[in-house]
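The values are calculated or read from the model by the stated rules, or taken from the named source; none is laboratory data. Every value quoted in this text rests on a predicted model; they were computed, and no experiment measured them. Note: ideal-geometry Cβ built from the backbone for every residue, glycine included; neighbour counts use all protein chains shown. We work out accessible area using only protein heavy atoms, side chains counted, and drop any ligands, DNA or RNA first. Shrake-Rupley method; radii C 1.70, N 1.55, O 1.52, S 1.80 Å.
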Amino acid sequence: MAQRVLLLGATGQTGNSILNGLLENGSYDATALVRPSSTETARVKALVDRGVKTLAADVTAPVEQLTVILRNFDVVISAIDAVSMHLQRNLVVAAKQAGVKRFVPCAFISVCPPGGVLDMRDEKEVIYQEIRKLHLPYTIIDVGVWHQVFFPTVPSGRADYASVFVPNTTIHAGGNTPTLLTDLRDIGRFVARIIADPRTLNQSVYTWSDLLTENEIFALMEDLSGETIDRTYLSAEEIEASIVRVKEIIREDPGNLPVRLTLVPLQYNLSRAVRGDGRPEYAKYLGYLDARELYPDLEPRSFKSFVEEVLDGKAERAYNNNSTVFEQLKKGMMEMGITL
Ligand SMILES: NC(=O)c1ccc[n+]([C@@H]2O[C@H](COP(=O)([O-])OP(=O)(O)OC[C@H]3O[C@@H](n4cnc5c(N)ncnc54)[C@H](OP(=O)(O)O)[C@@H]3O)[C@@H](O)[C@H]2O)c1
(Lines give C-alpha, C1' and ligand atoms only; values in the text may rest on other atoms or scores of the structure.)
Protein backbone atom coordinates (compact mmCIF):
# COMPACT_ATOMS: atom_id res chain seq x y z
CA MET A 1 0.00 0.00 0.00
CA ALA A 2 1.22 3.54 -0.79
CA GLN A 3 2.56 5.47 2.20
CA ARG A 4 -0.03 8.00 3.33
CA VAL A 5 1.68 11.37 3.71
CA LEU A 6 0.23 14.48 5.34
CA LEU A 7 2.01 17.64 4.21
CA LEU A 8 1.76 20.94 6.07
CA GLY A 9 2.73 24.02 4.03
CA ALA A 10 1.91 22.68 0.55
CA THR A 11 1.00 26.19 -0.64
CA GLY A 12 4.43 27.54 0.32
CA GLN A 13 7.74 27.45 -1.55
CA THR A 14 9.31 24.43 0.12
CA GLY A 15 5.97 22.67 0.61
CA ASN A 16 5.06 23.04 -3.05
CA SER A 17 8.36 21.49 -4.06
CA ILE A 18 7.74 18.62 -1.65
CA LEU A 19 4.21 18.12 -2.97
CA ASN A 20 5.54 17.99 -6.54
CA GLY A 21 8.24 15.54 -5.50
CA LEU A 22 5.76 13.22 -3.82
CA LEU A 23 3.37 13.31 -6.77
CA GLU A 24 6.15 12.86 -9.34
CA ASN A 25 7.55 9.93 -7.37
CA GLY A 26 4.21 8.16 -7.69
CA SER A 27 4.47 5.95 -4.63
CA TYR A 28 2.70 8.19 -2.13
CA ASP A 29 -0.86 8.96 -1.19
CA ALA A 30 -0.40 12.66 -0.36
CA THR A 31 -2.79 15.00 1.44
CA ALA A 32 -2.21 18.71 2.06
CA LEU A 33 -3.06 19.95 5.53
CA VAL A 34 -4.36 23.50 5.12
CA ARG A 35 -5.40 25.97 7.77
CA PRO A 36 -9.16 26.62 7.84
CA SER A 37 -8.59 30.36 7.28
CA SER A 38 -6.81 29.61 3.98
CA THR A 39 -9.30 27.21 2.39
CA GLU A 40 -10.77 29.93 0.16
CA THR A 41 -7.43 31.35 -0.97
CA ALA A 42 -6.28 31.11 -4.58
CA ARG A 43 -3.30 29.04 -3.45
CA VAL A 44 -5.45 26.34 -1.83
CA LYS A 45 -7.92 26.44 -4.70
CA ALA A 46 -4.99 25.84 -7.06
CA LEU A 47 -4.16 22.67 -5.09
CA VAL A 48 -7.74 21.46 -5.34
CA ASP A 49 -7.77 22.25 -9.07
CA ARG A 50 -4.67 20.08 -9.44
CA GLY A 51 -6.58 17.21 -7.85
CA VAL A 52 -4.57 17.33 -4.62
CA LYS A 53 -6.43 16.01 -1.58
CA THR A 54 -6.74 18.69 1.10
CA LEU A 55 -7.70 18.48 4.73
CA ALA A 56 -8.58 21.63 6.68
CA ALA A 57 -7.45 21.67 10.29
CA ASP A 58 -5.83 24.09 12.67
CA VAL A 59 -2.37 22.83 13.69
CA THR A 60 -2.86 24.42 17.09
CA ALA A 61 -6.09 22.43 17.67
CA PRO A 62 -6.14 20.25 20.80
CA VAL A 63 -3.83 17.24 20.62
CA GLU A 64 -6.76 14.78 20.89
CA GLN A 65 -8.37 16.30 17.81
CA LEU A 66 -5.13 16.19 15.81
CA THR A 67 -4.46 12.63 16.96
CA VAL A 68 -7.70 11.45 15.35
CA ILE A 69 -6.59 13.06 12.05
CA LEU A 70 -3.03 11.74 12.17
CA ARG A 71 -4.15 8.12 12.73
CA ASN A 72 -4.82 8.06 8.99
CA PHE A 73 -1.21 8.89 8.04
CA ASP A 74 2.14 7.08 8.01
CA VAL A 75 4.32 10.15 7.46
CA VAL A 76 3.84 13.79 8.46
CA ILE A 77 5.96 16.48 6.77
CA SER A 78 6.00 20.09 7.90
CA ALA A 79 7.15 22.94 5.67
CA ILE A 80 5.61 25.73 7.72
CA ASP A 81 6.96 29.26 7.34
CA ALA A 82 10.15 30.42 9.02
CA VAL A 83 8.47 32.15 11.97
CA SER A 84 5.94 29.48 12.93
CA MET A 85 8.09 26.64 14.26
CA HIS A 86 6.39 26.67 17.67
CA LEU A 87 3.03 25.93 15.99
CA GLN A 88 4.24 22.38 15.27
CA ARG A 89 4.15 21.39 18.96
CA ASN A 90 0.67 19.85 19.15
CA LEU A 91 1.25 18.13 15.84
CA VAL A 92 4.37 16.45 17.25
CA VAL A 93 2.56 15.16 20.33
CA ALA A 94 -0.43 14.05 18.26
CA ALA A 95 1.88 12.27 15.79
CA LYS A 96 3.35 10.25 18.65
CA GLN A 97 -0.08 9.38 20.03
CA ALA A 98 -1.36 8.44 16.59
CA GLY A 99 1.59 6.14 15.89
CA VAL A 100 2.93 8.11 12.91
CA LYS A 101 5.91 6.18 11.52
CA ARG A 102 7.99 9.20 10.53
CA PHE A 103 7.74 12.90 11.33
CA VAL A 104 9.69 15.33 9.17
CA PRO A 105 9.76 18.61 11.08
CA CYS A 106 10.29 21.91 9.29
CA ALA A 107 14.06 22.09 8.81
CA PHE A 108 14.99 22.76 5.15
CA ILE A 109 17.67 25.35 5.90
CA SER A 110 21.43 25.28 5.54
CA VAL A 111 23.56 23.17 7.84
CA CYS A 112 24.14 25.08 11.07
CA PRO A 113 24.67 23.99 14.67
CA PRO A 114 22.10 24.88 17.34
CA GLY A 115 23.08 27.17 20.18
CA GLY A 116 23.08 30.83 19.19
CA VAL A 117 24.44 30.95 15.64
CA LEU A 118 21.09 31.26 13.87
CA ASP A 119 18.04 32.02 16.01
CA MET A 120 15.74 30.45 13.42
CA ARG A 121 17.76 27.22 13.65
CA ASP A 122 17.35 27.29 17.44
CA GLU A 123 13.57 27.65 17.08
CA LYS A 124 13.65 24.50 14.93
CA GLU A 125 15.82 22.76 17.54
CA VAL A 126 13.11 23.23 20.19
CA ILE A 127 10.79 21.10 18.05
CA TYR A 128 13.53 18.52 17.36
CA GLN A 129 14.00 18.16 21.10
CA GLU A 130 10.25 17.67 21.65
CA ILE A 131 10.36 14.92 19.01
CA ARG A 132 13.33 13.18 20.63
CA LYS A 133 11.84 13.42 24.12
CA LEU A 134 8.78 11.59 22.81
CA HIS A 135 10.77 8.90 20.90
CA LEU A 136 8.84 9.96 17.82
CA PRO A 137 10.48 8.52 14.67
CA TYR A 138 11.80 11.44 12.61
CA THR A 139 14.04 12.67 9.83
CA ILE A 140 15.56 16.14 9.68
CA ILE A 141 16.23 17.33 6.13
CA ASP A 142 18.40 20.35 5.41
CA VAL A 143 19.02 21.65 1.93
CA GLY A 144 21.77 24.26 1.97
CA VAL A 145 20.80 27.51 0.26
CA TRP A 146 18.28 27.53 -2.59
CA HIS A 147 19.64 28.39 -6.05
CA GLN A 148 16.68 30.74 -6.28
CA VAL A 149 17.95 33.07 -3.54
CA PHE A 150 21.67 32.81 -4.14
CA PHE A 151 22.49 34.09 -7.61
CA PRO A 152 23.87 37.59 -8.22
CA THR A 153 22.05 40.13 -10.36
CA VAL A 154 23.83 41.76 -13.34
CA PRO A 155 24.11 45.43 -14.45
CA SER A 156 21.78 45.06 -17.48
CA GLY A 157 18.96 44.10 -15.11
CA ARG A 158 18.08 40.95 -17.06
CA ALA A 159 18.28 38.73 -13.98
CA ASP A 160 16.21 41.07 -11.79
CA TYR A 161 12.85 39.48 -12.63
CA ALA A 162 13.97 36.24 -10.98
CA SER A 163 15.69 37.66 -7.92
CA VAL A 164 13.98 38.11 -4.56
CA PHE A 165 16.47 40.89 -3.79
CA VAL A 166 17.54 43.54 -6.31
CA PRO A 167 20.38 44.26 -6.48
CA ASN A 168 22.00 41.13 -5.15
CA THR A 169 25.69 41.86 -5.62
CA THR A 170 27.34 41.47 -2.20
CA ILE A 171 30.37 39.35 -1.47
CA HIS A 172 30.40 38.29 2.20
CA ALA A 173 33.53 37.85 4.32
CA GLY A 174 35.83 37.59 1.29
CA GLY A 175 33.58 35.20 -0.65
CA ASN A 176 35.90 32.21 -0.48
CA THR A 177 33.86 29.91 1.79
CA PRO A 178 32.06 27.12 -0.06
CA THR A 179 28.34 26.58 0.57
CA LEU A 180 26.00 23.70 -0.24
CA LEU A 181 23.25 24.65 -2.70
CA THR A 182 20.02 22.93 -3.78
CA ASP A 183 17.52 24.02 -6.42
CA LEU A 184 14.20 24.70 -4.67
CA ARG A 185 12.47 22.44 -7.23
CA ASP A 186 14.66 19.48 -6.26
CA ILE A 187 13.90 19.55 -2.53
CA GLY A 188 10.77 17.49 -3.10
CA ARG A 189 12.56 14.94 -5.30
CA PHE A 190 15.06 14.36 -2.49
CA VAL A 191 12.35 14.27 0.19
CA ALA A 192 10.40 11.62 -1.74
CA ARG A 193 13.48 9.37 -1.68
CA ILE A 194 14.48 10.14 1.89
CA ILE A 195 11.12 9.34 3.52
CA ALA A 196 11.02 5.87 1.95
CA ASP A 197 14.48 4.98 3.17
CA PRO A 198 14.98 3.07 6.46
CA ARG A 199 18.59 4.37 6.57
CA THR A 200 17.35 7.90 7.17
CA LEU A 201 15.05 7.11 10.09
CA ASN A 202 16.02 9.13 13.18
CA GLN A 203 18.81 10.78 11.18
CA SER A 204 19.61 14.17 9.68
CA VAL A 205 20.21 14.35 5.94
CA TYR A 206 21.50 17.17 3.73
CA THR A 207 20.72 17.60 0.06
CA TRP A 208 22.84 19.47 -2.47
CA SER A 209 23.58 19.98 -6.12
CA ASP A 210 26.71 22.15 -5.87
CA LEU A 211 29.30 23.24 -3.38
CA LEU A 212 30.37 26.73 -4.46
CA THR A 213 31.94 29.88 -3.05
CA GLU A 214 30.43 33.31 -3.71
CA ASN A 215 33.49 34.21 -5.78
CA GLU A 216 32.94 31.11 -7.94
CA ILE A 217 29.25 31.96 -8.30
CA PHE A 218 29.92 35.57 -9.33
CA ALA A 219 32.57 34.39 -11.82
CA LEU A 220 30.09 31.86 -13.27
CA MET A 221 27.40 34.54 -13.63
CA GLU A 222 29.89 36.88 -15.33
CA ASP A 223 31.05 34.14 -17.66
CA LEU A 224 27.52 33.11 -18.68
CA SER A 225 26.13 36.66 -18.96
CA GLY A 226 29.19 38.36 -20.46
CA GLU A 227 28.63 41.18 -17.94
CA THR A 228 30.81 42.49 -15.13
CA ILE A 229 29.12 42.62 -11.76
CA ASP A 230 29.67 45.73 -9.68
CA ARG A 231 30.40 43.97 -6.37
CA THR A 232 29.81 45.36 -2.92
CA TYR A 233 31.67 43.85 0.01
CA LEU A 234 30.61 43.06 3.57
CA SER A 235 33.30 41.98 5.99
CA ALA A 236 32.84 39.44 8.79
CA GLU A 237 33.12 42.32 11.26
CA GLU A 238 30.36 44.28 9.52
CA ILE A 239 28.05 41.25 9.54
CA GLU A 240 28.75 40.67 13.23
CA ALA A 241 28.21 44.37 14.05
CA SER A 242 24.84 44.37 12.26
CA ILE A 243 23.75 41.31 14.28
CA VAL A 244 24.66 43.10 17.52
CA ARG A 245 22.77 46.23 16.38
CA VAL A 246 19.63 44.25 15.45
CA LYS A 247 19.72 42.29 18.72
CA GLU A 248 19.83 45.54 20.69
CA ILE A 249 16.69 46.75 18.94
CA ILE A 250 14.96 43.40 19.50
CA ARG A 251 15.75 43.65 23.22
CA GLU A 252 13.99 47.02 23.32
CA ASP A 253 11.12 45.98 21.03
CA PRO A 254 10.76 42.17 21.08
CA GLY A 255 7.46 42.22 19.19
CA ASN A 256 8.93 43.92 16.12
CA LEU A 257 8.67 41.07 13.59
CA PRO A 258 10.21 42.91 10.61
CA VAL A 259 13.34 43.72 12.64
CA ARG A 260 13.49 40.21 14.14
CA LEU A 261 13.39 38.79 10.62
CA THR A 262 16.45 40.76 9.56
CA LEU A 263 18.44 38.45 11.81
CA VAL A 264 17.70 35.62 9.36
CA PRO A 265 19.85 36.83 6.42
CA LEU A 266 22.46 38.32 8.75
CA GLN A 267 22.90 35.15 10.79
CA TYR A 268 22.68 33.00 7.63
CA ASN A 269 25.64 34.97 6.30
CA LEU A 270 27.49 34.56 9.58
CA SER A 271 26.90 30.80 9.58
CA ARG A 272 27.60 30.26 5.91
CA ALA A 273 30.23 32.82 4.94
CA VAL A 274 32.05 33.50 8.20
CA ARG A 275 31.82 30.22 10.11
CA GLY A 276 31.67 27.99 7.03
CA ASP A 277 28.93 25.76 8.46
CA GLY A 278 27.39 24.89 5.09
CA ARG A 279 30.12 22.45 4.04
CA PRO A 280 29.84 18.64 3.70
CA GLU A 281 32.66 17.93 6.14
CA TYR A 282 31.01 20.04 8.82
CA ALA A 283 27.59 18.47 8.12
CA LYS A 284 29.13 15.02 8.53
CA TYR A 285 30.83 16.13 11.73
CA LEU A 286 27.35 17.08 13.01
CA GLY A 287 26.15 13.58 12.10
CA TYR A 288 24.30 14.28 8.83
CA LEU A 289 23.96 11.76 6.02
CA ASP A 290 24.66 12.98 2.47
CA ALA A 291 21.62 12.53 0.19
CA ARG A 292 23.86 12.35 -2.90
CA GLU A 293 25.72 9.41 -1.40
CA LEU A 294 22.43 7.74 -0.45
CA TYR A 295 20.86 8.27 -3.91
CA PRO A 296 23.66 8.45 -6.50
CA ASP A 297 21.11 7.95 -9.30
CA LEU A 298 19.22 11.15 -8.42
CA GLU A 299 20.61 13.92 -10.61
CA PRO A 300 19.82 17.31 -9.14
CA ARG A 301 19.62 20.44 -11.29
CA SER A 302 23.02 22.13 -11.30
CA PHE A 303 23.50 25.73 -10.21
CA LYS A 304 24.91 26.47 -13.66
CA SER A 305 21.77 25.19 -15.38
CA PHE A 306 19.67 27.35 -13.06
CA VAL A 307 21.70 30.48 -13.90
CA GLU A 308 21.28 29.66 -17.61
CA GLU A 309 17.50 29.52 -17.06
CA VAL A 310 17.66 32.91 -15.33
CA LEU A 311 19.59 34.47 -18.19
CA ASP A 312 17.25 32.87 -20.75
CA GLY A 313 14.31 34.57 -19.01
CA LYS A 314 12.83 31.19 -18.04
CA ALA A 315 13.29 31.12 -14.27
CA GLU A 316 10.55 31.71 -11.74
CA ARG A 317 11.03 34.14 -8.89
CA ALA A 318 10.67 32.58 -5.44
CA TYR A 319 7.78 33.97 -3.37
CA ASN A 320 6.03 35.11 -6.55
CA ASN A 321 2.67 34.29 -5.00
CA ASN A 322 3.46 36.65 -2.13
CA SER A 323 4.61 35.69 1.33
CA THR A 324 3.74 37.73 4.38
CA VAL A 325 6.96 36.63 6.06
CA PHE A 326 9.05 37.69 3.11
CA GLU A 327 7.31 41.06 2.84
CA GLN A 328 7.92 41.64 6.57
CA LEU A 329 11.58 40.75 6.09
CA LYS A 330 11.96 43.28 3.27
CA LYS A 331 10.27 45.92 5.46
CA GLY A 332 12.68 45.18 8.32
CA MET A 333 15.72 45.35 6.04
CA MET A 334 14.58 48.71 4.74
CA GLU A 335 13.93 50.02 8.26
CA MET A 336 17.34 48.86 9.49
CA GLY A 337 19.24 49.85 6.35
CA ILE A 338 20.40 46.26 5.93
CA THR A 339 21.37 44.93 2.52
CA LEU A 340 21.85 41.26 1.82
N1 LIG B 1 17.34 26.98 2.45
C2 LIG B 1 16.89 28.13 2.04
O3 LIG B 1 17.53 28.82 1.23
C4 LIG B 1 15.55 28.60 2.55
C5 LIG B 1 14.93 29.73 1.99
C6 LIG B 1 13.69 30.11 2.48
C7 LIG B 1 13.06 29.38 3.49
N8 LIG B 1 13.70 28.29 4.02
C9 LIG B 1 13.09 27.47 5.10
O10 LIG B 1 12.01 26.75 4.52
C11 LIG B 1 10.96 26.62 5.47
C12 LIG B 1 9.65 26.83 4.73
O13 LIG B 1 9.63 28.18 4.32
P14 LIG B 1 9.02 28.68 2.96
O15 LIG B 1 9.60 30.03 2.73
O16 LIG B 1 9.15 27.61 1.94
O17 LIG B 1 7.49 28.82 3.39
P18 LIG B 1 6.40 29.81 2.78
O19 LIG B 1 6.57 29.89 1.31
O20 LIG B 1 6.40 31.06 3.59
O21 LIG B 1 5.08 28.98 3.07
C22 LIG B 1 4.67 28.72 4.37
C23 LIG B 1 3.58 27.67 4.38
O24 LIG B 1 3.16 27.49 5.75
C25 LIG B 1 1.75 27.59 5.80
N26 LIG B 1 1.37 28.14 7.11
C27 LIG B 1 1.84 29.25 7.71
N28 LIG B 1 1.26 29.40 8.90
C29 LIG B 1 0.42 28.36 9.06
C30 LIG B 1 -0.47 27.97 10.08
N31 LIG B 1 -0.62 28.68 11.18
N32 LIG B 1 -1.17 26.83 9.91
C33 LIG B 1 -1.03 26.10 8.78
N34 LIG B 1 -0.21 26.43 7.77
C35 LIG B 1 0.49 27.55 7.91
C36 LIG B 1 1.35 28.53 4.67
O37 LIG B 1 0.02 28.28 4.35
P38 LIG B 1 -1.04 29.41 3.88
O39 LIG B 1 -1.29 29.16 2.42
O40 LIG B 1 -2.23 29.12 4.72
O41 LIG B 1 -0.43 30.75 4.17
C42 LIG B 1 2.33 28.05 3.59
O43 LIG B 1 1.84 26.91 2.97
C44 LIG B 1 11.18 27.69 6.55
O45 LIG B 1 11.12 27.11 7.81
C46 LIG B 1 12.52 28.29 6.24
O47 LIG B 1 13.37 28.18 7.36
C48 LIG B 1 14.91 27.90 3.56
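What to note about this one:
- Within the chain, helix-based [θ] at 222 nm, where runs of 4 or more DSSP H residues each add -39,500 (n - 2.57), nearest 500: -12500 deg cm²/dmol
- Pairs from the list 53/96; 96/284; 247/331; 304/330; 124/314 with a Cα-Cα gap above 25 Å: 96/284; 304/330; 124/314.
- Just so you know, the Rg over Rh for segment 1-76 is 0.95, from Cα atoms, with Rh as the Kirkwood radius.
- Estimated FRET transfer efficiency when R0 is 51 angstrom, pair residue 53-residue 160 (beta carbons, to 0.05): 0.85
- Estimated at the nearest 10 Å², the accessible area of residue 314 is 150 Å² with a 1.4 Å probe.
- Rounded if a/c under 1.5, otherwise prolate or oblate - the chain, Cα gyration tensor axes: prolate
- The slack between residue 132 and residue 86, meaning 0.36 nm per residue of separation minus the straight C-alpha distance, is 15.0 nm.
- For the pair residue 233 and residue 60 in one chain, pulling the backbone fully straight at 0.36 nm per residue adds 58.0 nm over the alpha carbon distance.
- For segment 44-179, the convex hull spanned by the alpha carbon atoms encloses 147 Å³ per residue.
- Counting protein heavy atoms only, the chain has 51 percent of its accessible area on carbon and sulfur, 1.4 angstrom probe.
- With R₀ fixed at 51 Å, the C-beta to C-beta distance from residue 252 to residue 299 puts the FRET efficiency at about 0.55.
- In plain terms, the chain from residue 46 to residue 215 could stretch by 56.9 nm, reckoned as 0.36 nm per residue minus the Cα-Cα distance.
- Paramagnetic reach from residue 38 in segment 304-340 [backbone N under 20 Å; point 7 Å along Cα→Cβ]: 317-330
- Rh by Kirkwood over Cα pairs, then Stokes-Einstein D for segment 18-61 at 1.002 mPa s and 20 °C, µm²/s: 193 µm²/s
- Near residue 107, the amide H atoms lying under 5 Å from its own belong to 141; only residues 5 or more places off or on other chains count, and H is placed 1.01 Å from N.
- Cα-based shape type of segment 218-340, given that a ≥ b ≥ c are square roots of the gyration tensor eigenvalues and the cut on a/c is 1.5: prolate
- Solvent exposure of the chain, expressed per residue, is 43 Å² of accessible area, with all protein chains present and a 1.4 angstrom probe.
- 20 Å reach of a label modelled at residue 71, 7 Å along Cα-to-Cβ, counting backbone N of segment 38-65: 55-65
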